[in-house]
Each structure stands twice: as C-alpha cells, then as structure tokens.
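The values are calculated or read from the model by the stated rules, or taken from the named source; none is laboratory data. This structure is a prediction, so every number in the text was calculated from the model and none was measured. Ideal geometry is used to build each Cβ from the backbone, glycine not excepted, and the neighbour counts take in all protein chains shown. Side chains are part of the model used for accessible areas, which takes the heavy atoms of the whole protein and leaves out ligands, DNA and RNA. Shrake-Rupley method; radii C 1.70, N 1.55, O 1.52, S 1.80 Å.
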Amino acid sequence: MHDIKFIKDNSSLFDAILKKRNISSHSKEILFLHQEYLDNLKKTQGLQEKKNSLSKMFSPKLNQKEIEKIKSDVTKIKKELDELKNKTDEKKNKLNQILLEIPNLVDDKVPIGKSEIDNIIIKEVGKINKPDFKIKNHVEILEKNNLLDYNKASKLSGSRFSVLRSSLATLHRALVNFMIDINVTEFQYEECIVPELVKSDCLTGTGQLPKFDEDLFRTNFNDLWLIPTAEVPLTNFHREEIIDSTKLPLRYTSFTNCFRSEAGAAGKDTKGLMREHQFGKVELVSIAEPNKSMAEMERMIECVEMILKKLNIPYRLVELCSGDLGFSSAYTIDLEVWMPGQKKFREVSSCSNCKDFQSRRMKMRAKNHGTGEIYYPHTLNGSSIAIGRILISIIENYQQENGTISIPDILKNYMKGITSIGSK
RNA sequence: GGAGAGAUGGCAGAGUGGUCGAAUGCACCGGUCUUGAAAACCGGCAAGGAUGCAAGUCCUUCCAGGGUUCGAAUCCCUGUCUCUCCGCCA
C-alpha cells in the first residue's frame with residue numbers, strides 16, 4: 001500500500017518507478033480521487049462538528065420548544081451526513097481499491113528489464129557433476145523405485161499432486177527437520193507452527209489479495225483461504241500492532257504446506273515435484289528497522305546459501321529485474337539449484353525485501369519509546385527452502401549409475417541410518 | 001453441539017446514557033535528589049485523519065457491522081474471537 005503523501009509530493013517519481021515495472025502512470029488519477037475524497041471529508045467533518053455542538057447544548061432544563069429545535073436540527077444534519085458519508089466512503093474505497101492493486105516501488109538497485117530474460121546472474125557456486133552414465137530425471141528414478149506414486153495421487157486428488165512413499169517420504173521429513181534446526185540454532189529464527197488457513201485480511205496484508213485471488217484456494221468455511229506460502233501467516237503475526245522498536249529485528253521460521261492453483265501455468269512443468277498444487281516449504285520472515293533491512297536481506301540470503309552449501313548442491317544467485325519482480329517486493333534475489341534432469345538451474349528460494357509495503361497494508365508499526373516516533377518497519381521473506389524442488393535436485397544430483405540415490409552427508413543423521421535410497 | 005461469562009490504551013484493570021479518549025496501577029520517557037544507581041517525589045505518556053508556518057483547533061476510534069437516542073465505551077440486534085462447565089473428539 002502506498003503512502004498518499006508520498007505520491008502527492010513525488011508524483012512524477014512515483015510514475016517513473018512504476019514504469020520500470022511496465023505499468024502506466026497512475027498518480028494523476030489517484031491524486032484527483034484523493035482530492036475529491038478530501039473535499040467530501042472536510043464537509044463531513046464540518047457537519048459532524050455541528051451535530052456534536054448541538055448535542056452539547058442539550059439540557060433537560062431547556063424548554064420544550066428549544067428541545068424540539070435541537071432534535072429537529074440534529075435529525076436534519078444526520079440525514080445530510082448519511083448521504084455525505086456514503087459519498088466520502090465511496091471515494092475512499094475507490095481510492096483504496098486502486099492503491100491496493102498497485103505493486104511495490106522497485107528499489108534503485110533493481111536492474112531494469114521486461115521479463116526473466118533480463119535477470120542478472122550474480123554468482124554461481126559449486127561444481128556441476130557430469131557423470132559418465134546416462135542421467136535420469138527424478139520422476140523416472142523415483143517411479144521405478146515406487147517412491148513416487150502418481151496412480152495413487154491422481155486417484156486421490158488429480159493432477160499436480162504427488163504421493164511420496166517410504167524412504168522418499170523419510171527424506172522429505174529429514175529435509176524439513178534439517179532446515180528448521182539450522183534456522184533456529186545457527187540463524188536465530190524463532191520456530192513456529194502456524195495455521196495453513198488464514199483470513200482474507202492476511203492475504204491483503206501480504207499482497208496476494210485483492211489482485212491475485214485466482215492463484216489461491218478459498219474454502220467455503222467463513223473467510224478462510226489456504227496459504228500459498230508461510231510468508232502470509234508469519235508476516236501477519238503483528239498485523240495491526242505497534243511493535244516496541246527494541247524488539248526488532250524479529251525473525252520467524254516455519255514449515256508449512258503451501259497451496260497454489262497454478263492458474264496460469266497450464267502445460268508448464270507438468271510432471272513430478274516441480275510445480276504442484278500442494279508443496280512443503282520452510283520459510284523465513286524478518287521484520288526489521290527500515291535502515292537495516294538491506295543488511296537483513298543479505299543475512300537472510302546467506303542463511304539460505306548455507307543450507308545449499310551443506311547439501312553440496314550447485315546453485316546460483318539471480319537478481320530479479322524490474323519486470324520480473326513480485327507484486328509486494330522492492331528487491332528480490334532468487335536462489336536456483338542445478339537440476340541435471342532438466343539441465344537447468346531452477347528456483348528453490350526467493351528472498352525479498354518488501355520494505356514498508358506490506359507493513360502499511362497490514363498496519364503493522366513500530367514505536368521507538370525513546371523518541372515517541374512511530375513508523376512502518378520493513379518486512380522480508382525468503383524460502384529456506386521449497387522441499388519438493390530441493391528433493392528433485394538432490395535426487396538428480398545424487399543419483400548413482402546403478403539407479404540408487406545416495407543421501408547427502410548432512411542428512412544422514414536425520415535418516416535413521418539410511419545412506420542410500422532406491423534399489424539397485 | 002448445549003449452558004454461561006467476557007472483549008476497554010504497551011500490559012493489568014475501573015467505568016452501565018452527557019462533565020469519558022477514558023480512573024488507577026505497572027511499564028516507558030523527562031526531571032529533582034544521589035559520587036553513581038536504586039528508592040522516593042514531580043511532570044509527561046493511545047492511534048489515525050483534516051487544517052495550519054507553528055502553537056493549536058476539529059473529526060474518528062473502547063472487537064467488527066448495524067440499530068435506538070438530541071447524545072452511546074455504556075442500551076438493543078448480528079457476526080467474530082476468548083474463557084468456564086457439560087457432551088463429543090485427534
């Protein structure tokens with residue numbers, strides 16, 4: 001959500017920054033609407049003042065005539081106020097509706113570009129293995145070993161769902177535990193278990209609503225929606241709160257299932273664990289002082305990198321260009337891992353600094369009790385890591401010529417002594 | 001699912017029709033005292049918005065949405081959430 005005062009004082013800058021996302025100018029329309037709203041608001045407040053003062057004049061000692069006069073005057077004002085209030089609300093709602101659908105302003109650091117083609121590879125880490133046997137993709141390997149069962153999955157739920165069995169399920173669980181452990185003990189994130197159904201207000205807060213409802217699953221129970229990422233509940237922890245600034249930064253981590261309709265992805269990544277309606281993910285969320293959020297972001301990326309290093313999987317850092325940046329983000333770095341089956345790097349994590357965009361939307365503020373200052377803290381989120389996709393990478397990178405998959409050293413303690421899965 | 005109680009400032013907690021944006025305590029901030037600190041004492045301390053150079057003035061908000069009333073934190077209705085008891089249940 002954008003600060004109307006900022007738009008007023010910097011309208012051409014505002015439009016220029018939006019243009020980086022290939023979005024046309026908005027400020028003129030917004031400011032016009034805002035002025036209309038203000039005009040109505042002033043009138044409304046004037047009438048309210050009148051009404052209040054009339055009520056204050058009321059006293060049982062007044063004579064009948066005076067009392068009747070006040071009553072009828074107030075009734076008249078109330079009627080007028082009703083209309084005016086409706087009009088004011090209408091303007092305000094219209095303005096809000098527009099503001100809620102405008103994406104975050106991109107940071108100066110973000111490279112300008114149209115699509116993912118213009119993203120910038122910052123660095124590549126780890127050596128890509130080129131074994132001298134024929135590499136299989138994860139679906140081939142896992143289905144052959146009865147570890148991934150699409151007959152069962154489609155019977156239960158249709159396409160874009162998976163059933164993971166026996167040692168593959170164990171490996172999934174091992175990854176979750178490994179990642180949460182390291183986030184808690186090495187990186188000082190607070191471990192949380194959170195609802196996977198949330199109210200629409202939460203989704204508006206983080207930016208999925210109102211614009212992207214098609215990507216989400218909604219239930220027919222109250223106003224509850226399945227979360228597309230744990231970013232939603234974790235970031236909304238402090239919605240409509242004023243946080244004591246000495247408590248910042250706040251760091252939370254959680255494993256949840258994530259649910260996405262994949263509405264616009266027909267035909268994309270149709271096989272395997274790559275793109276599913278339900279997938280597991282460990283998420284990191286930080287709430288930071290505005291002047292420290294970029295440093296916090298670097299720290300967050302290092303946390304995710306550490307996991308990939310410990311898993312010993314080749315990866316690269318990609319700086320998203322303005323045209324590929326997510327709605328709520330001001331600056332995003334993706335982490336992509338090598339997937340031998342596709343001979344491509346694919347995204348397993350996306351770390352974003354949303355600055356004050358989400359905190360404004362959810363009215364999350366911080367207060368410095370020394371100075372009395374109240375301000376919007378910055379929010380950051382990053383995956384650490386999407387389990388389904390990192391599984392693909394592990395399976396494909398650790399596959400052996402004999403069709404088995406060896407277990408990364410770091411996970412062996414989490415695997416009940418299993419050092420290899422699949423049969424020869 | 002049945003019966004009952006409740007939701008007030010950062011927290012605790014008073015307030016049942018006007019003088020209430022709201023007592024009091026704690027926390028927090030400033031000061032006095034002290035070599036320093038603590039204690040004690042004095043003062044300050046909700047948020048959002050409009051207007052104004054500013055001081056200030058005004059509007060809104062006591063879970064949310066409706067209603068009654070000249071006037072609502074307070075009365076009525078609906079919803080949400082919390083707690084207690086009973087039933088059921090992983």
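Probe 1.4 Å, all protein chains in place: accessible area of A:Asp82 in Å², nearest 10?
100
Report, to two decimal places, the Cα Rg of region A:30-105 normalised by 2.2 N^0.38 Å (N = number of residues).
1.55
Kindly list the residues of region A:258-294 that lie in the label zone of A:Phe217, defined by a backbone N under 14 Å from the point 7 Å along the Cα-to-C-beta vector.
A:258-263, A:276-281
Which FRET efficiency value, to the nearest 0.05, do you get for A:Arg165 and A:Lys247 by plugging their Cβ-Cβ distance into 1/(1 + (r/R0)^6) with R0 = 30 Å?
0.10
Between A:Leu224 and A:Ser115, what length in nm is gained on full extension when 0.36 nm per residue of separation is reduced by their alpha carbon distance?
Working it through step by step, the gained length comes to 35.9 nm.
Distance between Cα centroids, region A:370-424 to region A:191-243: provide it in whole Å.
Cα centres, region A:370-424 to region A:191-243: 24 Å.
To one decimal place, what Kirkwood hydrodynamic radius in Å is obtained for chain A from all pairs of distinct Cα atoms?
24.4
Where in chain A are the helices, taken as whole DSSP H runs, whose Cα atoms extend 20 angstrom or more along the long axis and whose Kyte-Doolittle mean reaches at least 1.6?
none
Once you order the gyration tensor axes a ≥ b ≥ c over the Cα atoms, which shape class does region A:228-297 get: rounded for a/c under 1.5, otherwise prolate or oblate by comparing a/b with b/c?
prolate
Could you estimate the translational diffusion coefficient of region A:233-376 from the Stokes-Einstein equation, with Rh from the Kirkwood formula over C-alpha pairs, at 20 °C and 1.002 mPa s, in whole µm²/s?
In µm²/s, the coefficient rounds to 125.
Once the dipole of chain A is set up with Lys and Arg at +1 and Asp and Glu at -1 on Cβ about the Cα centre, which of A:Leu99, A:Asn10, A:Tyr414 lies farthest towards its positive end?
Projecting each Cα onto the dipole axis, the largest value belongs to A:Leu99.
Size of the dipole of chain A about the Cα centre, Lys and Arg at +1 and Asp and Glu at -1 on the beta carbon, nothing else charged, in debye to 20?
With Lys and Arg at +1 and Asp and Glu at -1, about 800 debye.
Could you work out [θ]222 nm for chain A from helices alone, using -39500 (n - 2.57) per DSSP H run of at least four and dividing by all its residues? Round to the nearest 500 deg cm²/dmol.
Rounded to the nearest 500, the figure is -12500 deg cm²/dmol.
Can you work out the accessible area per residue across region A:4-100, with the rest of the protein chains kept in place, probe 1.4 Å, in square angstrom?
Solvent-accessible surface per residue comes out at 71 Å².
Can you give the net charge of the other residues whose Cβ lies under 14 Å from the Cβ of A:Met294, counting K and R as +1 and D and E as -1?
Here the count lands on -4.
Could you tell me the ratio Rg/Rh of region A:97-220? Both radii from Cα atoms, Rh via Kirkwood.
Computed over Cα atoms, the ratio is 1.03.
Straight-line reach from A:Lys152: which aspartates and glutamates have Cα under 20 Å away, leaving out those fewer than 8 places along the same chain?
Of all the aspartates and glutamates, those that pass the test against A:Lys152 - Cα under 20 Å, at least 8 places apart if same chain - are A:Glu140, A:Glu143, A:Asp269, A:Glu276.
Mind jotting down a quarter of the surface of the convex hull over the alpha carbons of region A:336-395, in square nanometres, one decimal?
Answer in nm², one decimal: 5.6.
Applying the Karplus parametrisation 6.51 cos²θ - 1.76 cosθ + 1.60 with θ = phi - 60° to the phi angles of region A:199-212, what ³J(HN,Hα) value in whole Hz is obtained for each residue in order, glycine and proline being reported as x?
Couplings: 6, 4, 4, 5, 5, 5, x, 8, x, 6, 9, x, 7, 10 Hz.
Using the Cα centre as the reference, give the magnitude of the dipole from point charges on the C-beta atoms of region A:1-157 (Lys, Arg: +1; Asp, Glu: -1; all else neutral), rounded to the nearest 20 debye.
520
How would A:Glu36, A:Glu116, A:Glu191 rank on accessible area, largest to smallest, probe 1.4 Å?
A:Glu116, A:Glu191, A:Glu36
Projecting each Cα onto the charge dipole of chain A (Lys/Arg +1, Asp/Glu -1 at the beta carbon, about the Cα centre), which of A:Tyr37, A:Asn137, A:Ile395 comes out farthest on the positive side?
Comparing the listed Cα positions along the dipole, A:Tyr37 ranks first.
Quote the FRET efficiency, to the nearest 0.05, computed for A:Lys76 versus A:Ile98 with a Förster distance R0 of 30 Å and r equal to the Cβ-Cβ distance.
It comes out at approximately 0.30.
Once you put a point 7 Å from the Cα of A:Lys155 and another 7 Å from the Cα of A:Glu347, both along the Cβ direction, what distance in nm separates them?
Roughly 3.5 nm, to one decimal.
So, with a 1.4 angstrom probe, what is the percent of accessible area on region A:260-353 that is carbon and sulfur?
44
Amide H of A:Met339: which non-local residues (sequence gap of 5 or more, or other chain) have their own amide H closer than 5 Å, using H built in the peptide plane?
Under 5 Å from the amide H of A:Met339: A:Lys344, A:Phe345, A:Arg346.
Check the straight Cα-Cα distances from A:Lys78 and name the lysines below 17 Å, setting aside those fewer than 8 residues away within the same chain.
Counting by Cα, and skipping residues close in sequence, A:Lys78 has these lysines nearby: A:Lys42, A:Lys43, A:Lys50, A:Lys51, A:Lys56, A:Lys69, A:Lys87.
Provide the FRET efficiency to the nearest 0.05 for the A:Glu262-A:Ile135 pair, computing r from the beta carbons and using R0 = 22 Å.
About 0.25, to the nearest 0.05.
In the structure shown, do any of A:Lys136/A:Lys268; A:Lys5/A:Lys28; A:Lys268/A:Lys355 have a Cα-Cα gap over 21 Å, and if so which?
From the list (A:Lys136/A:Lys268; A:Lys5/A:Lys28; A:Lys268/A:Lys355), the Cα-Cα distance tops 21 Å for A:Lys268/A:Lys355.
Report the local net charge at A:Ala263: Lys and Arg +1, Asp and Glu -1, summed over other residues whose C-beta lies under 11 Å from its C-beta.
With Lys, Arg at +1 and Asp, Glu at -1, the neighbours total -3.
How large is Rg over Rh for region A:294-424, taking Rg from the Cα atoms and Rh as the Kirkwood inverse mean of 1/r across Cα pairs?
Radius of gyration over Kirkwood radius for region A:294-424 works out to 1.13.
Suppose we take every Cα in region A:174-277 and form the convex hull; what volume per residue is that in Å³?
So the per-residue Cα hull volume is 128 Å³.
Which order do A:Thr246, A:Thr204 take by accessible area at a 1.4 Å probe, largest first?
Per-residue accessible area, sorted high to low, gives A:Thr246, A:Thr204.
Hey, got a sec? Which GluC sites (Glu not before Pro) in region A:358-424 land in a DSSP loop and have at most 11 other Cβ atoms within 10 Å?
Loop-located and lightly packed - A:Glu373, A:Glu401.
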